[in-house]
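Here is the structure we will look at.
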Amino acid sequence: MLRDRGVEHDVWLTPRGGEPPRDPHTYDAVMVFGGAMHVDQEAQHPWLAPEKALLRELVEGGTPLLGVCLGSQLLAEAAGGTARRAPRPEIGWQQVEVTDQGARDPLLAPLAPSFEAFQWHSYEFTPPPGASALARSDVCPQGFRLGNAVGIQFHAEVTQADAEAWIDDYRSDEDAVRSGVDPDALRTRTRLSIAAWNELGRALCGRFLDGISGGFAPT
């Protein structure tokens with residue numbers, strides 16, 4: 001979607017260290033994605049603390065932000081919310097309900113009243129103070145908005161190659177093993193559902209890009 005829109009974008013892999021491609025405060029918008037680590041593992045992953053600090057500055061500065069999975073948890077913490085272990089992992093295709101606030105939000109309104117999402121997480125966020133709760137599953141919150149900042153717990157960005165790589169490597173995730181993931185069943189289901197899911201993800205990304213220039217006021 002970024003390429004189709006002609007959007008110039010940089011990629012910064014913070015776990016690998018190094019300086020950002022340019023001053024993060026100068027971007028028109030920032031997307032923050034996921035990882036196998038957890039939001040509270042700052043001792044094992046020292047880059048988490050400065051990333052949270054940067055996100056706090058971007059939130060305060062009003063930069064449009066989209067956080068996905070771990071990115072949503074980092075964003076929630078940066079904005080004054082919390083992130084913690086969820087009651088149980090959500091791995092695979094799960095039902096997500098759009099809230100009344102979500103049904104009026106320009107990013108998630110087209111997904112109301114509910115949709116099935118690809119998930120792979122064992123932590124959850126609690127929305128920051130003053131945030132709108134946009135969506136939730138039976139397990140945990142799935143979306144929030146605080147001004148120009150939006151966090152989504154589900155993986156709207158996942159491709160078939162990504163999903164199959166995660167499934168092939170599921171034994172490296174202790175929570176996936178403990179929760180009894182059936183890799184063959186999940187792989188089959190994903191191959192049936194991924195094309196429609198990618199269209200949903202592209203459309204969601206497009207609405208985020210529309211909001212950068214058009215504003216994020218609820219409909």
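In the stretch 32-51, which residue that is of a type in the set (A, V, I, L, M) and buried (at least 17 other Cβ atoms within 10 Å of the Cβ) is nearest to the chain's Cα centre (by Cα)? Write out each step before concluding.
Within the stretch 32-51, the first condition is being of a type in the set (A, V, I, L, M), and the residues that meet it are 32, 36-37, 39, 43, 48-49.
Then drop every residue that is not buried (at least 17 other Cβ atoms within 10 Å of the Cβ), which leaves 32, 39, 48.
Numbers: V32: 7, V39: 13, L48: 16 Å.
Result: V32.
For the stretch 133-177, enumerate the residues that are assigned to a loop (DSSP other than H, G, I, E, B), farther than 22 Å from D100 by Cα and in contact (Cβ under 8 Å) with a residue 40 or more places away in the chain.
Let us first name the residues in the stretch 133-177 that are assigned to a loop (DSSP other than H, G, I, E, B), namely 137-140, 147-148, 153-159, 169, 173.
From the residues that got through so far, the ones that are farther than 22 Å from D100 by Cα too are 157-159, 169, 173.
Within the stretch 133-177, E157, V158, D173 qualify.
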Filter result for G206 (in a helix (DSSP H, G or I), modelled with pLDDT under 95 and either closer than 30 Å to R104 by Cα or among the hydroxyl-bearing types (S, T, Y) (or both)): no
For the list (1) closer than 30 Å to G6 by Cα; (2) under 18 Å from the mean Cα position of the chain (by Cα); (3) modelled with pLDDT of 95 or more; (4) surrounded by 14 or more Cβ atoms within 10 Å (Cβ to Cβ), I need the number of the one condition that T190 fails. (2)
I'd like the full set of residues that are surrounded by fewer than 21 Cβ atoms within 10 Å (Cβ to Cβ) and either without any contact (Cβ under 8 Å) to a residue 12 or more places away in the chain or outside any strand (DSSP E or B) (or both), limited to the stretch 78-92. G80
Mind checking whether some residue in the stretch 100-118 is closer than 23 Å to G147 by Cα, of a type in the set (K, R) and surrounded by fewer than 18 Cβ atoms within 10 Å (Cβ to Cβ)? yes
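The values are calculated or read from the model by the stated rules, or taken from the named source; none is laboratory data. Note that the structure is predicted; figures quoted are calculated from it, not measured. A quick note on method: Cβ atoms are made from the backbone with ideal geometry, for glycine too, and the neighbour counts reach across all protein chains shown.
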